[in-house]
1. How many percent of DSSP beta bridges within the stretch 217-348 run antiparallel, rounded to 5?
2. For Asp284 and Asp357, compute 0.36 nm times the residue count separating them, minus their Cα-Cα distance, and round to one decimal in nm.
3. Quick one: grab the alpha carbon gyration tensor of the stretch 80-232, order the square roots of its eigenvalues as a ≥ b ≥ c, and give me rounded if a/c is under 1.5, else prolate or oblate depending on whether a/b is larger than b/c.
4. Amide H neighbours of Trp189 under 5 Å, at least 5 residues apart or on other chains, H built in the peptide plane: list them.
5. Hey, which of these cross-link pairs are over 21 Å Cα-Cα: Lys183/Lys334; Lys309/Lys334; Lys96/Lys368; Lys133/Lys183; Lys297/Lys324?
6. Once phi is turned into ³J(HN,Hα) by the Karplus curve 6.51 cos²θ - 1.76 cosθ + 1.60 with θ = phi - 60°, what whole-Hz value does each residue of the stretch 262-272 show in order, with x for glycine and proline?
7. Once you order the gyration tensor axes a ≥ b ≥ c over the Cα atoms, which shape class does the stretch 198-348 get: rounded for a/c under 1.5, otherwise prolate or oblate by comparing a/b with b/c?
8. Name the residues whose placed amide hydrogens come within less than 5 Å of the amide hydrogen of Arg337, ignoring near sequence neighbours (fewer than 5 apart) on the same chain.
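The values are calculated or read from the model by the stated rules, or taken from the named source; none is laboratory data. Just so we're clear, the structure is a prediction, and the values are computed from it rather than from any experiment. Positions of Cβ are backbone-derived with ideal geometry, glycine not excepted, and every protein chain shown enters the neighbour counts. Accessible surface areas use protein heavy atoms only, side chains included; no ligands, DNA or RNA. Shrake-Rupley method; radii C 1.70, N 1.55, O 1.52, S 1.80 Å.
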Amino acid sequence: MLTSRLARITALATAVVSTAVLAAPTAASATSGGAQVSRGSRSIASAAHLNDVISDMAPRGTAFGPSSAWRQNISAAPLNANSPAMVKNLTGQVAKYYGGIAAANITQYNTSVYTVSGDTARVNVNWDNCQKKNYTPKGLLGEGGQFTAVPIPDNAVPATGNDAQLTVYSPDTDQLWEFWKAKRVNGAWQACWGGRIDNVSASYGYFLNGFGASASGLAVSGGAVGIAEAQAGRIDHAMSLAIPDLAYWKTFSWPAQRSDGNTVAPDAIPTGTRLRLDPSVNVDALKLHPLAKMIAKAAQTYGFIVTDKSGAVAVSFESGAAVKADTGVDPWDKLRRPTATAAPTPTYLIMQNFPWDKMQVLPMDYGKPLS
């Protein structure tokens, strides 16, 4: 997520999209020109409403259903024949950056997640051609387009960082939008890239035809550690893992739909690779931060999915920027405290002592449907 999307990746959006891009429900039409119509959302004036705000904004866990790649239990899955070498590759990448501790993308390079009601006003998101394409990607704009009739709340705040990612989830219409480099300019929303998933509850958890906010096409929010689930102490889905050195872009593993990797080593890890923590590891006996321990337990059941390229091995979290904008309180400040009386642990230490050497790599395309 720390790297710009390559033009050859998003050029896939010129593929035929007639069977994948569905028109948004006509009951809530878009306003013209990207103008925002005010919705009747309540104002949050006090941090006392923090938990209510979190509940309103984000789904508890991922929005994707049991048929998605994010929900698959992989605790008994077979291993890739090259698993030991690939794990060695991964641990080498962890050791190479930031003192040998993987990043916890809590404060930046993540996504703000908004859960909206069916009556939230819809707007057309303008396309910011920040990659200097010499064409308008097919299926992006206009009737039924990925950027058309999006129910973005008036007060939406993208995640902090260059990626400025924003996720909008509508349970009422069973749709999810994700945007990359989202911002509001002169009252109108714009983004450099993104996409929409219809029928989210039955989705495999990725965008088609080159759309989406990640270089793999996988939903950024699908693998983020959510605020509400961190509060509950349990993660019931696979988690996103970004790494610096991905296998060459022509090789990727389901559920990834594409890649921007450039490493040709035989033990290179392809985008979409699924990894799990060895189920025999006694996580409770490990000296880990409570958040890292929660991640480790989820990694034994659901694992990680390699979703993107980054400046270091990094685990993705839901951004607290949206909640902080409404309440003045970043919910992660409390969640980063190892005990109730301790100071918040710096984000660069959250994943300290994580047992990356005990990871296991699953076979290519593991879990891919036969049809």
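1. Around 30 percent antiparallel, to the nearest 5.
2. 24.6 nm
3. prolate
4. Those lying under 5 Å, H to H, from Trp189 are Asn126.
5. Listed pairs above 21 Å: Lys183/Lys334; Lys309/Lys334; Lys96/Lys368; Lys297/Lys324.
6. Per residue, the Karplus-derived 3J(HN,Hα) values read 9, 9, 10, 4, x, 9, 5, 9, x, 4, x Hz.
7. Prolate.
8. When sequence neighbours closer than 5 places are left aside, the close amide H contacts are Thr345.
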